[in-house]
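Novice: Would you mind keeping the following structure in view while I ask a few things?
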Amino acid sequence: MKQLLLAALAVLLVCFSATAQETSIQPVLQEHQETILKSSRKTIGPAIDAIAASGLPQAQAVLEAWANKEMWSRESDGQFFKGEEAEDKQVRLIDFDTGDVVGAIAKSDLKQLKPNSGIRAMISTALVRFQLMDPDPAKRQDALTSIQRDPEASLLEPLRASFESETDPVLLAQKQRLERLLTIGYDTDTSARITAIDDMSGDLGVDLRATLNPLVATTRAVAPEAVPEGINVAKILSPGEDDFTEAQAYDMLVAKGLAPPRIPDDAIRNALADNISGGRVAGFPLAILDNDENRRAAYIRLAEEGLAPPFVTEEQIQASLGQHVFFDSYADRSPEVTEAAVAALRKIDTKVGLNQSLDLVLDALSLASIYFLAAIGLAITFGVMGVINMAHGEFIMMGAYTGYVVQQIIPDHTISIIVAIPLAFAVTFAAGVAMERLVIRWLYSRPLETLLATFGISIALQQLAKNIFGTQARPLTSPGWLDGALVMNDVVSISYIRIAIFVLALIFLGVFLFIMKRTRLGLETRAVTQNPRMAASMGINPGRVNMLTFGLGSGIAGVAGVAIGLYAKVTSELGSDYIVQSFMTVVVGGVGNIWGTLLGATMIGFLQKGIEWLNPSNTLAAQTYMIVFIIIFIQFRPRGIIALKGRAAGD
Amino acid sequence: MNFLKSTLAGSMVFASLATSALSAEDTIKVGVLHSLSGTMAISETTLKDTMLMLIEQQNAKGGLLGKQLEAVVVDPASDWPLFAEKARELLTVHDVDVIFGNWTSVSRKSVLPVIEELNGLLFYPVQYEGEESSKNVFYTGAAPNQQAIPATDYFLDELGVEKFALLGTDYVYPRTTNNILESYLKGKGIADEDIFVNYTPFGHSDWSKIVADVVALGADGKKVGVISTINGDANIGFYKELAAAGVSADDIPVVAFSVGEEELSGLDTANLVGHLAAWNYFQSAESDLNDEFIETWKAKMGEDRVTNDPMEAHFIGFNMWVNAATEAGTTDVDAVRDAMYGQEYANLTGGTAVMLPNHHLAKPVLIGEIQEDGQFDIISQTVEVPGDAWTDFLPESAVLKSDWKELGCGMYNTETETCVQTLSNY
Amino acid sequence: MQRSFIAKNPSILIFLALLALFTLGVTVLSEGFGIGVISTSFVKTLGKTLCLCLIAVAMDLIWGFTGILSLGHFAFFGLGGYMIGMWLMYERTRMIVVDSLSQSEIPATQSEIVDAIGNQIFGVVGSSEFPLIWIFADSLFLQLLMVVLVPGLLALVFGWLAFRSRVTGVYLSILTQAMTLALALYLFQNDSGLRGNNGLSGLQNLPGVTASQDAVSMWFLWASAFALGAGYLLAAWVVSGKFGSVIKGIRDNEARVRFLGYSVEAYKLTVFTLTACIAAIAGALYYPQAGIINPAEIAPIASIYLAVWVAIGGRGRLYGAVIGAALVSLLSSWFTGGQAPDIPLGVYTIKWVDWWLVLLGLSFVLVTLFAPKGMGGLIDLWTDRRSPDRHGADLGPDAGALREQEAEQ
């Protein structure tokens, strides 16, 4: 079929060029001027085909210019040119045939052609033929991407033909893969298709599933008595079984006009309203028609009088259901192919399921690491020192804004992040120390009031950030090497930025453990936490230790802020988005133990993703149920997952 | 003691305000009811500035009915109950003749009873979910059939999308819009299982799973498109995750109804090039009127400021009100309302907007592709589409229509030919 | 009982007298019933402020007297508002629907009416079915009962779980905060059946009432003033007797009270539930004046502000809570309303809209640090009620309290 078409086109082309000896592409364009200017995917097809099939060497250039929005039409005569924008709202026009500059014209006398992405896709499909053999590997890649996006039967032959000349092994592999996919979808030889399916089976690619699924997509149909010939039946259905209710079956019959429709309540009402005479309907006074029972009675009488269609009885429904056969049928006519496809898909589905759970685990881990990162500073200030710092979220925000400011000064994203991290630590460390010295140290004996005072600081800081940076979200752009995602296969992938956050969380865990277990500050902190008076008598200055510990916790919050800003957004409300979750992470995990915080974050992360997986259409519900779960969890383990025992647990 | 004093002090302030209102009878007062603080300040402050600019321009032209216009700006602080309170204050204490204001649907619903009770006049400039028609409100933003439906048509016809992901923030505008779209798509033959709906909270940032879900939709070989009613900040995380997942606009196009020039200025748009937005106005629209508007705006507010769709809505609404008041010869609400029907005013995008008897505008629908510089490249522009208060694509509201001019009813049931209600039920 | 309850607490009389005077004054000055100096919108503000004072009294009872810093009382306040809002919306819509359906020739069936009401109420959020929680919405009496029952039950269950497992101090604060966050998130969902983010609106229009808002706003002001008076009296009575002594004991040292044989959990639970009910009543009066209730109202921040009011006003004194709530909320609306004059500093102009929250935050820190007794402390100075000389020894964690002196009384 396809070859025939091509041949016919070729013949046409020969005639055309033979008679007119045409070497200019402008007439082809002019012939389709109207559709080109209209620029709608639905009508543009013939124009693109005509250009592609013109056989002229310029065709490729025209199509490329068109797709790149570089084609302009001169309003005075409708001629098409390639255009380059010049100064003073002028456009330099270039003739497609000669490549000469025609001259510059004011923009207002021209119309730029802006093909939408649907048309661009069609142009690229048309370009595939030219580009498959192009010496430029980038253009060959374009061609392959285009085939991948819009596979078409006609592309199979050119694709196969391009194998020989392909020098790039990567592109060759891609071509071979695409060839297999196109074979499954469009080859005329059934056995070739089945071989291709077997070749590819077990592959996880979305493109393979996208090729196989349409083959096995079923449509539900109904036929009187028996299934018609020539239909590739997937399944014969019996109404009332397998999620196919009798009501659905009957509705199908009604939709096909094979059975009379049932009478719904509003139809009864309308029929009654149409037959009012002298304040009565079929003898019933209007006033008593305010319940369904009387209405039905009146309607039945109307039906008896022939004024309305009668009710459909249950027996009638059963009878018409019995007279028809319902079935699902495959779109593809060949049972061998659909069988092979179903088998291949079944095999893939298990694999996909496994990989999806893996992906979910990765997502959950990533979320857990974000919560952990946000909470680790709190694990120090709240967990170790017992200070409730409601302004913790604002320290995270300060860190993120520090990153933003640094990025304004240092445009290179990599260097700016390297500078921003220590700077964010320094800024929030200083803020933390200042806050501890000025406010918190006076309130060590009044924990509830620490909560309130730090909340006061929190709203002041938040408003201050709004006053300085505005309420609009600020961009914090990650360096180029963190763009993109680590793709294991088409199902499992995780963005590099999330991996970076995960690594950062691990580093912080290490830093925390190192400081607490291996340094003097850690030793002193633990001593002061356990018994400040005893520690003081051992020559430790509790004030200094508290100050440094608090500063450390705040500083870590600042660095977390940079990371969170990179992955999400920088706004003045950034901190308050995380504060409740952070507290819950620490409380669920168990106060005073970093492993508890880690467990808490992991639990919350996995829980939230788990609920999201169960109810994918409502993320808000996932958050609600997670909090409810945490509340209930705390009722049963009020001291968290890892509870401190003995004296350290005392209030 | 202090309690009493403070209340007394408060009432003194109000008393003095009341007297100052009496002494300034020689101006026409225009109320501006936009949040200047709180979460919505970012969007609404721009509209307040737009109103001040428009009033200034009008005064320079000689005012209205021989009097100068005076803007009365109040701050409802993104607090929905406060909107009602401030609206009452504008109408009773300041005696304004017209109010321009509100952004969110919930704030409009909060103001409605007050406006209707006191017979005020409100111009509401933001695209919204429809299903409402108040006698006292003119809706200069887009109804769903002026934004959502054309954009969906564009997806179906121009991009060949066969499978839809409707992603939205969980509030009324996305909910209702998605409802309308779902029923519209089903009418177009899209099967139930080919429509994926997801709602996320305001400011959501963890998008990896949702983006993965959307990508996985492509597994059955149908072209997937995303219709996004995601609001505000949450867009940033969403687009970042899309970019990280390597999803290009050619694979899975996203059309957004709440992302305009203002929102894009907070984003690095390099990764978003090619994704779409549907509005009635883009700053990149080419017309002399638009150039002039942008120039005045930038001269007043600074070079880096952008213009957006709700600003155009206020531009049209304000000028229509001025013309209607001139025609009526008074700023009396009932007279102005009658003069409003059929008012025409030039769009900034070329063409004219017409005020319909259902209090909505007929405006063209534009679809733009995001460009590197944070502007939109307009790739499709329809003719003027008349705004429809009650959508035709939900069975309950398909039978309803609004016509204040002929029928004097905002919720008229064409089936039973009765007026359901003349006051809104908020 | 040797001395009467009122005689022991002269401040109650003073408070009630001032409240009556205030109500009378507003009535005389109002648009609805007086000379029209105070605009109706300001009457509404004052009425709402009275409701806020009432919930502040509840907060003082639970925090100032029992020592439980609940950061979730606005959840109960909001629930109360939702409960009354459901009836208001249902009834108003029912009247519209019945009116509209009566125009057709065939009388409507009961289910048609209910469907039409559902369609009107939920049409805006894309649904038309009545969720189960609206089951009592057609009855004012039942719904009024729900105003107290639903928040009370929530408080009872939550409190029982929390107190039973001995969650105390800051943990409890965070837990209550989580509770209100969960409730707010839940209500934000459309599926919750309370119209999601849009909430219930148009509540100021009482069904069947044709009086103007000038009059309605005064009715609500009177009701709020009455509720505040009654709530204050109740709270004062609760804290004055033996019960009051026990809860103050729990505040100061829970373990000791427990060892004395009191069932600490039962006392805490009683106070928690009682205050939740008071908060709910305050909410039920507040939202018909505000006109709209939506989930943003019960976000955690609202409850924290409540704590701020009480702290600034002075904990452990009922009038302190009232002063704090009235002063801070009125000042807040004055500053953010754009009425406060800007302060030009030459290079920079301080706009109060921008800087009020910074000022509030900082003054809050200062109050906590330097005046833990809040503004109520000023009245102490005036009445010459000084803190006792503690001879250097601290009585316990809550150094701001007046335990010794109270112990002597």
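Novice: Out of (1) within 19 Å of C:G291 (Cα to Cα); (2) among the hydrophobic types (A, V, I, L, M, F, W, C); (3) under 19 Å from the mean Cα position of the chain (by Cα), the odd one out for B:V98 is which?
Specialist: (1)
Novice: Sticking with this one: So which of A:A536, A:A527, A:A563 ends up being in a helix (DSSP H, G or I), small (G, A, S) and surrounded by 20 or more Cβ atoms within 10 Å (Cβ to Cβ)? Spell out how you get there, then give the answer.
Specialist: Numbers: A:A536 fails: surrounded by 20 or more Cβ atoms within 10 Å (Cβ to Cβ); A:A527 fails: surrounded by 20 or more Cβ atoms within 10 Å (Cβ to Cβ).
Going through A:A536, A:A527, A:A563 in turn, the sole match is A:A563.
Novice: Just the residues that are facing another protein chain (nearest Cβ under 7 Å), touching a Ser or Thr at 6+ places or on another chain (Cβ under 9 Å) and aliphatic (A, V, I, L, M), please, taken from region B:244-289.
Specialist: B:A244, B:A245, B:A249
Novice: Within region A:512-534, can one find any residue that is of a type outside the set (V, I, T) and either more than 24 Å from A:I376 (Cα to Cα) or not assigned by TED's automatic domain parsing to the domain that holds A:V570 (or both)? Write out each step before concluding.
Specialist: Step one: list which residues in region A:512-534 are of a type outside the set (V, I, T), which gives A:512-514, A:516-518, A:520-524, A:526-527, A:530-534.
Then drop every residue that is not either more than 24 Å from A:I376 (Cα to Cα) or not assigned by TED's automatic domain parsing to the domain that holds A:V570 (or both), which leaves A:533-534.
Yes; the residues of region A:512-534 include at least one that is of a type outside the set (V, I, T) and either more than 24 Å from A:I376 (Cα to Cα) or not assigned by TED's automatic domain parsing to the domain that holds A:V570 (or both).
Novice: While we're looking at this one, here's another question. Are there any pairs, at least 6 apart or on different chains, whose C-beta atoms fall under 8 Å, with the first in region A:269-282 and within 10 Å of chain C (Cβ to nearest Cβ) and the second of a type in the set (K, R), and if so, which?
Specialist: A:R269/A:R295; A:L272/A:R295
Novice: So, A:E315, is that one within 30 Å of A:S201 (Cβ to Cβ) and either surrounded by fewer than 19 Cβ atoms within 10 Å (Cβ to Cβ) or not assigned by TED's automatic domain parsing to the domain that holds A:P264 (or both) or not? Break it down into steps so the answer makes sense when it comes.
Specialist: On the way: within 30 Å of A:S201 (Cβ to Cβ): no; either surrounded by fewer than 19 Cβ atoms within 10 Å (Cβ to Cβ) or not assigned by TED's automatic domain parsing to the domain that holds A:P264 (or both): yes.
For A:E315, the condition - within 30 Å of A:S201 (Cβ to Cβ) and either surrounded by fewer than 19 Cβ atoms within 10 Å (Cβ to Cβ) or not assigned by TED's automatic domain parsing to the domain that holds A:P264 (or both) - is not met.
Novice: Let me ask another. Just to check your reading of the model, which residue among A:G558, A:G565, A:G553 is within 30 Å of A:I415 (Cβ to Cβ), at pLDDT 85 or above, more than 9 Å from every other protein chain (Cβ to nearest Cβ) and in contact with a strand residue (DSSP E or B) (Cβ under 9 Å, 6 or more places away or on another chain)? Before you say what the answer is, go through the steps one by one.
Specialist: Working: A:G558 fails: in contact with a strand residue (DSSP E or B) (Cβ under 9 Å, 6 or more places away or on another chain); A:G553 fails: in contact with a strand residue (DSSP E or B) (Cβ under 9 Å, 6 or more places away or on another chain).
The conditions single out A:G565.
Novice: Residues in region B:144-161: is at least one of a type in the set (S, T, Y) and closer than 21 Å to B:K109 by Cα?
Specialist: Step one: of region B:144-161, the residues of a type in the set (S, T, Y) are B:152, B:154.
Add one more test, that the residue is closer than 21 Å to B:K109 by Cα, and what stays is none.
Among the residues of region B:144-161, not one is of a type in the set (S, T, Y) and closer than 21 Å to B:K109 by Cα, which makes the answer no.
Novice: While we're here: Restricting to region A:459-514, name every residue that is of a type in the set (S, T, Y) and either within 14 Å of chain C (Cβ to nearest Cβ) or part of a helix (DSSP H, G or I) (or both).
Specialist: The first filter runs over region A:459-514 and keeps only residues of a type in the set (S, T, Y), leaving A:471, A:477-478, A:493, A:495-496.
Correct list: A:T471, A:Y496.
So that you can scan it fast, the table gives a plain yes or no per residue for (1) under 22 Å from B:A346 (Cα atoms); (2) away from chain A (no Cβ under 14 Å):
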| site | (1), (2) |
| --- | --- |
| B:G368 | yes, no |
| B:Q371 | no, no |
| B:Q375 | no, no |
| B:D388 | yes, yes |
| B:L394 | no, yes |
| B:S397 | no, yes |
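Novice: Mind checking which residues of region C:31-47 are more than 7 Å from chain B (Cβ to nearest Cβ) and surrounded by 24 or more Cβ atoms within 10 Å (Cβ to Cβ)? Before you say what the answer is, go through the steps one by one.
Specialist: Going residue by residue through region C:31-47, those that are more than 7 Å from chain B (Cβ to nearest Cβ) are C:31-36, C:43, C:47.
Within region C:31-47, C:V43, C:G47 meet the criteria.
Novice: Something else now. How about region B:95-116: which of its residues are more than 19 Å from C:Q213 (Cα to Cα), facing chain C (nearest Cβ under 8 Å) and modelled with pLDDT of 90 or more?
Specialist: none
Novice: If you don't mind, there's one more thing I want to ask. Among the helices (runs of 4 or more DSSP H) confined wholly to region C:255-345, which include 3 or more residues that are away from chain B (no Cβ under 14 Å), at pLDDT below 90 and under 26 Å from C:V167 (Cα atoms)?
Specialist: On the way: elements: C:264-290, C:300-313, C:318-336.
Correct list: C:300-313.
Novice: When you scan region B:246-261, do you find a residue that is buried (at least 20 other Cβ atoms within 10 Å of the Cβ), among the hydrophobic types (A, V, I, L, M, F, W, C) and over 20 Å from B:L159 (Cβ atoms), even just one?
Specialist: So far as region B:246-261 goes, no, none of its residues is buried (at least 20 other Cβ atoms within 10 Å of the Cβ), among the hydrophobic types (A, V, I, L, M, F, W, C) and over 20 Å from B:L159 (Cβ atoms).
Novice: Are any residues in region B:398-419 buried (at least 21 other Cβ atoms within 10 Å of the Cβ) and either under 21 Å from B:E182 (Cβ atoms) or not aromatic (F, W, Y) (or both), and if so, which ones?
Specialist: The answer is B:L400, B:S402, B:G410, B:M411.
Novice: Since A:A226 meets every condition but one in (1) assigned to a loop (DSSP other than H, G, I, E, B); (2) within 30 Å of A:N355 (Cα to Cα), which condition does it not meet?
Specialist: The failed condition is (2).
Novice: Looking at region A:482-497, I want the residues that are among the hydrophobic types (A, V, I, L, M, F, W, C) and have a partner that is assigned to a loop (DSSP other than H, G, I, E, B) with Cβ atoms under 7 Å, at least 6 apart or on another chain. Which pairs are those?
Specialist: Short answer, once both residue conditions are applied: A:A485/B:A245; A:A485/B:G246; A:V491/A:L204; A:I497/A:S478.
Novice: Assuming A:S117 fulfils every condition listed in (1) surrounded by 15 or more Cβ atoms within 10 Å (Cβ to Cβ); (2) among the polar types (S, T, N, Q); (3) closer than 21 Å to A:E31 by Cβ apart from one, which condition is it?
Specialist: (3)
Novice: Something else now. Of all residues in region A:425-476, which are free of Cβ contacts under 8 Å to residues at least 12 places away in the same chain, closer than 30 Å to B:V259 by Cβ and surrounded by 22 or more Cβ atoms within 10 Å (Cβ to Cβ)?
Specialist: The one that is free of Cβ contacts under 8 Å to residues at least 12 places away in the same chain, closer than 30 Å to B:V259 by Cβ and surrounded by 22 or more Cβ atoms within 10 Å (Cβ to Cβ): A:I459.
Novice: Being within 14 Å of chain C (Cβ to nearest Cβ) and more than 30 Å from C:I174 (Cα to Cα) narrows it down to one residue among A:D292, A:D349; which is it?
Specialist: A:D292
Novice: Quick one: is B:G130 within 14 Å of chain C (Cβ to nearest Cβ), assigned to a loop (DSSP other than H, G, I, E, B) and either small (G, A, S) or over 27 Å from B:K405 (Cβ atoms) (or both)? Spell out how you get there, then give the answer.
Specialist: Values: within 14 Å of chain C (Cβ to nearest Cβ): yes; assigned to a loop (DSSP other than H, G, I, E, B): yes; either small (G, A, S) or over 27 Å from B:K405 (Cβ atoms) (or both): yes.
So B:G130 passes the test.
Novice: What do you reckon, is A:D266 in a helix (DSSP H, G or I), within 11 Å of another protein chain (Cβ to nearest Cβ), acidic (D, E) and under 30 Å from B:E415 (Cα atoms)? I'd like the intermediate steps shown before the answer.
Specialist: Details: in a helix (DSSP H, G or I): yes; within 11 Å of another protein chain (Cβ to nearest Cβ): yes; acidic (D, E): yes; under 30 Å from B:E415 (Cα atoms): yes.
In short, yes.
Novice: Being more than 25 Å from the chain's Cα centre (by Cα), part of a loop (DSSP other than H, G, I, E, B) and not basic (K, R) narrows it down to one residue among A:D332, A:D328; which is it?
Specialist: A:D332
Novice: Could you list, in sequence order, the residues of region B:55-94 that are in a helix (DSSP H, G or I) and closer than 23 Å to B:G329 by Cβ?
Specialist: From region B:55-94, those in a helix (DSSP H, G or I) are B:55-60, B:80-93; that's our starting set.
Passing the criteria: B:I55, B:Q57, B:Q58, B:N59, B:A60, B:L91.
Novice: Of these, C:I113, C:I133, C:I62, C:I84, which one is more than 11 Å from chain B (Cβ to nearest Cβ), within 32 Å of the chain's Cα centre (by Cα), surrounded by fewer than 19 Cβ atoms within 10 Å (Cβ to Cβ) and at negative phi? Explain how you work it out, then say what you get.
Specialist: Values: C:I113 fails: within 32 Å of the chain's Cα centre (by Cα); C:I62 fails: surrounded by fewer than 19 Cβ atoms within 10 Å (Cβ to Cβ); C:I84 fails: surrounded by fewer than 19 Cβ atoms within 10 Å (Cβ to Cβ).
Every option except C:I133 fails the conditions.
Novice: While we're looking at this one, here's another question. Kindly indicate the residue of region A:185-196 that is of a type outside the set (S, T, Y) and at pLDDT 85 or above and also farthest from A:A161 (Cα to Cα) among those meeting that condition.
Specialist: Step one: filter region A:185-196 for residues of a type outside the set (S, T, Y), giving A:185, A:187, A:189, A:192-194, A:196.
Pick out the ones that are also at pLDDT 85 or above and you get A:192-194, A:196.
Values: A:A192: 17, A:R193: 18, A:I194: 21, A:A196: 18 Å.
Filtering first and then ranking leaves A:I194.
Novice: Right, next: Would you check which residues across region B:125-143 are within 17 Å of B:G260 (Cβ to Cβ) and in contact (Cβ under 8 Å) with a residue 60 or more places away in the chain and list them? Can you show your working first?
Specialist: Step one: list which residues in region B:125-143 are within 17 Å of B:G260 (Cβ to Cβ), which gives B:125-128, B:140-142.
If the condition is that a residue be within 17 Å of B:G260 (Cβ to Cβ) and in contact (Cβ under 8 Å) with a residue 60 or more places away in the chain, then B:P125, B:V126, B:Q127, B:T140, B:G141, B:A142 are the ones that fit.
Novice: Out of (1) within 12 Å of chain B (Cβ to nearest Cβ); (2) touching a residue at least 12 places away in the same chain (Cβ under 8 Å); (3) among the acidic types (D, E), what's the single condition that is false for C:D138?
Specialist: Result: C:D138 fails condition (1) only.
Novice: Hey, among the residues in region A:159-199 that are buried (at least 19 other Cβ atoms within 10 Å of the Cβ) and within 14 Å of chain B (Cβ to nearest Cβ), which one's nearest to A:S493 (Cα to Cα)?
Specialist: Selected residue: A:L181.
The values are calculated or read from the model by the stated rules, or taken from the named source; none is laboratory data. Worth saying up front: this structure is predicted, and the values here are computed from it rather than measured. Positions of Cβ are backbone-derived with ideal geometry, glycine not excepted, and every protein chain shown enters the neighbour counts.
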